[in-house]
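Peer 1: Next up is a structure, given as structure tokens.
The values are calculated or read from the model by the stated rules, or taken from the named source; none is laboratory data. Keep in mind it's a predicted model, so treat the numbers as computed, not measured. A quick note on method: Cβ atoms are made from the backbone with ideal geometry, for glycine too, and the neighbour counts reach across all protein chains shown. Side chains are part of the model used for accessible areas, which takes the heavy atoms of the whole protein and leaves out ligands, DNA and RNA. Shrake-Rupley method; radii C 1.70, N 1.55, O 1.52, S 1.80 Å.
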Protein chains: 2
Amino acid sequence: MRLLHLDSSAHRAAESVSRRLTDLFARTWRAGNDRAEYHHRDLVADPVPPIGPAYCALGRRVEQHGVPAPVRYDELIETEDERREWDLTRALVDEVRGSDVLLLGAPMYNFAVPAALKAWIDRITFPGVFTGADGSSSLADLRVVVVTSRGGAYGPGSGAEDLDFLAPYLRSWLTKQGVAARNIEIVVADRTLAEIVPGYEQARPAAARSLAAAHERLGVLAGALPVPT
Amino acid sequence: MRLLHLDSSAHRAAESVSRRLTDLFARTWRAGNDRAEYHHRDLVADPVPPIGPAYCALGRRVEQHGVPAPVRYDELIETEDERREWDLTRALVDEVRGSDVLLLGAPMYNFAVPAALKAWIDRITFPGVFTGADGSSSLADLRVVVVTSRGGAYGPGSGAEDLDFLAPYLRSWLTKQGVAARNIEIVVADRTLAEIVPGYEQARPAAARSLAAAHERLGVLAGALPVPT
């Protein structure tokens, strides 16, 4: 049993609501069994290298071959740049394929996932990498816990639902990679700017309730998710 | 009159539909008047530095001051790191504020804008930078032409409209920065994978029609947008 924990907040840990919440989940889950494997990747301190022409050239060649499963990537590589791009990509893909639980710290930046998280998504979503020999997804049993924090409120009834390009986006992208919809949990902490921005003080009680609900939900999830016996 | 042209495709120019289309628009528009200023920024060849803790610390301090307009950023900077982050940010912000037309090459990557473009968005969307002394947006008169290319079809009737997290996203983000909705044009080239992926050949006529319509629309826009007299 293995937990892969990603953070993408550009804030320091102490200042970041999403980092504090993913840390809470990871500590709780790990306390449940000390034999679990755990890997933490900080997408800000250790950014995923941006994709470029060699990544695209190899990806296009794979697509031209119709993404047969399993893809023989090594046979399709033509240049040293493509080899380097593939090695970088495969390492990150293997990290996901080898995990049972994926914990994604994903604060809303400008209504969507941070660029640091999108860089990881753009790199690992390589043609065929999550497709097994029988055509099924290697992520079918992956459990995903997304933790998102947002300066304002974007939930049902907030009037700003249409500006949430993060939660629906991650749900769609994960589902397209073969993650089962029932295995995706999105935990939200809303109105984090209420503590900071003058004139937004009246939102502090709602912000506190949202944070408390996120704590509770993460505690339940950390206990309810399968742990090694 | 000044055109700012951004590209974010990770493909080489010859392989990139969005780069070819933005190039067509830029050449047509510039041919209309050789006195126009023109600046091209390649967000892949010359990536925007990712934001980090110093950027966030300064941004939060500005927000704590309630984003008075005009913000006296220089007076709020406390460290050398914050100074460097602000200098990087201000240069990119000034590029936008000083332009009359913004041309955005934005291919759809995994249903959303490429990480390279999101890195630019995350950096320039700094508290208060587009708010003028009278509270109005400095982008109210900016004309924006978005060129997006997509491997499949995501338009009305395609059945995949809900997977388009790019066009509605850019429209929302631009509007929130003060760009007038009537000043935003989004030009689409669909089904670009029809030329590449085995089994998708039947989509080639529709792909060709989509590309031809994009060419025509960009030609009209390049002629219809204001040019210097």
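Peer 1: What is the one condition in (1) surrounded by fewer than 16 Cβ atoms within 10 Å (Cβ to Cβ); (2) touching a Ser or Thr at 6+ places or on another chain (Cβ under 7 Å) that residue A:199 does not satisfy?
Peer 2: Failing condition for residue A:199: (2).
Peer 1: A further question follows. Does residue A:66 satisfy the criteria of being at pLDDT below 95, within 12 Å of chain B (Cβ to nearest Cβ) and more than 30 Å from residue B:46 (Cβ to Cβ)?
Peer 2: Taking the combined requirement at face value, the residue satisfies it.
Peer 1: Scan the range A:170-229 residue by residue and report those that are polar (S, T, N, Q) and at pLDDT 95 or above.
Peer 2: First, pick out the residues of the range A:170-229 that are polar (S, T, N, Q): A:172, A:175, A:177, A:183, A:192, A:202, A:210, A:229.
Across the range A:170-229, the qualifying residues are A:172, A:175, A:177, A:183, A:192, A:202, A:210.
Peer 1: Condition check: surrounded by fewer than 21 Cβ atoms within 10 Å (Cβ to Cβ), hydroxyl-bearing (Ser, Thr, Tyr) and either modelled with pLDDT of 95 or more or touching a Ser or Thr at 6+ places or on another chain (Cβ under 8 Å) (or both). Does residue B:131 satisfy that?
Peer 2: Working: surrounded by fewer than 21 Cβ atoms within 10 Å (Cβ to Cβ): yes; hydroxyl-bearing (Ser, Thr, Tyr): yes; either modelled with pLDDT of 95 or more or touching a Ser or Thr at 6+ places or on another chain (Cβ under 8 Å) (or both): yes.
Yes.
Peer 1: Looking at the range B:38-46, is at least one residue small (Gly, Ala, Ser), part of a loop (DSSP other than H, G, I, E, B) and under 30 Å from residue B:151 (Cβ atoms)? Even if it seems obvious, please write down each step before you answer.
Peer 2: Looking only at the range B:38-46, we keep the residues that are small (Gly, Ala, Ser), and these are B:45.
Among the residues that remain, those that are also part of a loop (DSSP other than H, G, I, E, B) are: B:45.
Next, only the ones that are under 30 Å from residue B:151 (Cβ atoms) stay: B:45.
So far as the range B:38-46 goes, yes, one or more of its residues are small (Gly, Ala, Ser), part of a loop (DSSP other than H, G, I, E, B) and under 30 Å from residue B:151 (Cβ atoms).
Peer 1: Next question, about the same structure. Residue pairs, Cβ under 9 Å, 6 or more apart or interchain, first in the range A:32-50 and on the phi > 0 side of the Ramachandran plot, second open to solvent by 50 Å² or more (accessible area, probe 1.4 Å) and aliphatic (A, V, I, L, M). List them.
Peer 2: Listed pairs, sorted by first residue: none to list.
Peer 1: What number of residues in the range B:30-48 are modelled with pLDDT of 95 or more and either among the aromatic types (Phe, Trp, Tyr) or open to solvent by less than 50 Å² (accessible area, probe 1.4 Å) (or both)?
Peer 2: Of the residues in that region, 6 qualify.
Peer 1: Right, residue A:107: modelled with pLDDT under 95, more than 8 Å from chain B (Cβ to nearest Cβ) and part of a loop (DSSP other than H, G, I, E, B) or not?
Peer 2: Values: modelled with pLDDT under 95: no; more than 8 Å from chain B (Cβ to nearest Cβ): yes; part of a loop (DSSP other than H, G, I, E, B): yes.
No.
Peer 1: I've got another one for you. Looking for whichever is under 23 Å from residue B:119 (Cβ atoms) and either free of Cβ contacts under 8 Å to residues at least 60 places away in the same chain or outside any helix (DSSP H, G or I) (or both) here; the options are A:146, A:129, A:179. Which one fits?
Peer 2: Only one candidate passes the filter, namely A:146.
Peer 1: For the range B:182-202: of the residues being assigned to a helix (DSSP H, G or I) and within 14 Å of another protein chain (Cβ to nearest Cβ), which is farthest from residue B:131 (Cα to Cα)?
Peer 2: B:201
Peer 1: Restricting to the range B:38-58, and then to whatever is more than 9 Å from chain A (Cβ to nearest Cβ) and more than 18 Å from the chain's Cα centre (by Cα), can you tell me which residue is nearest to residue A:13 (Cα to Cα)?
Peer 2: Checking each candidate, the answer is B:54.
Peer 1: Considering the range A:99-150 alone, what residues qualify as being more than 30 Å from residue B:126 (Cα to Cα) and under 15 Å from the mean Cα position of the chain (by Cα)?
Peer 2: A:99, A:100, A:101, A:102, A:139, A:142, A:143, A:144
Peer 1: Check residue A:27 against each of (1) closer than 23 Å to residue B:50 by Cα; (2) exposed (fewer than 15 other Cβ atoms within 10 Å of the Cβ) and name the one condition it does not meet.
Peer 2: (1)
Peer 1: Looking at A:28, A:22, which one is out of contact with any His (no Cβ under 8 Å at 6 or more places or on another chain), part of a helix (DSSP H, G or I) and in contact (Cβ under 8 Å) with a residue 24 or more places away in the chain? Spell out the reasoning first.
Peer 2: On the way: A:22 fails: out of contact with any His (no Cβ under 8 Å at 6 or more places or on another chain).
Criteria check complete, one pass: A:28.
Peer 1: Please find, within the range B:89-99, the residue that is farthest from the other protein chains (Cβ to nearest Cβ) out of those that are open to solvent by 40 Å² or more (accessible area, probe 1.4 Å) and of a type outside the set (A, V, I, L, M).
Peer 2: Step by step, filter the range B:89-99, then rank; the result is B:98.
Peer 1: Which residues, taken from the range A:49-63, are of a type in the set (A, V, I, L, M, F, W, C) and at pLDDT below 95?
Peer 2: Scanning the range A:49-63 gives a single hit, A:62.
Peer 1: Got at least one residue in the range A:76-88 being more than 18 Å from the chain's Cα centre (by Cα), of a type in the set (S, T, N, Q) and within 10 Å of another protein chain (Cβ to nearest Cβ)?
Peer 2: no
Peer 1: Turning to a different aspect of this structure: Taking the options A:22, A:79, name whichever one is surrounded by fewer than 20 Cβ atoms within 10 Å (Cβ to Cβ) and hydroxyl-bearing (Ser, Thr, Tyr).
Peer 2: A:79
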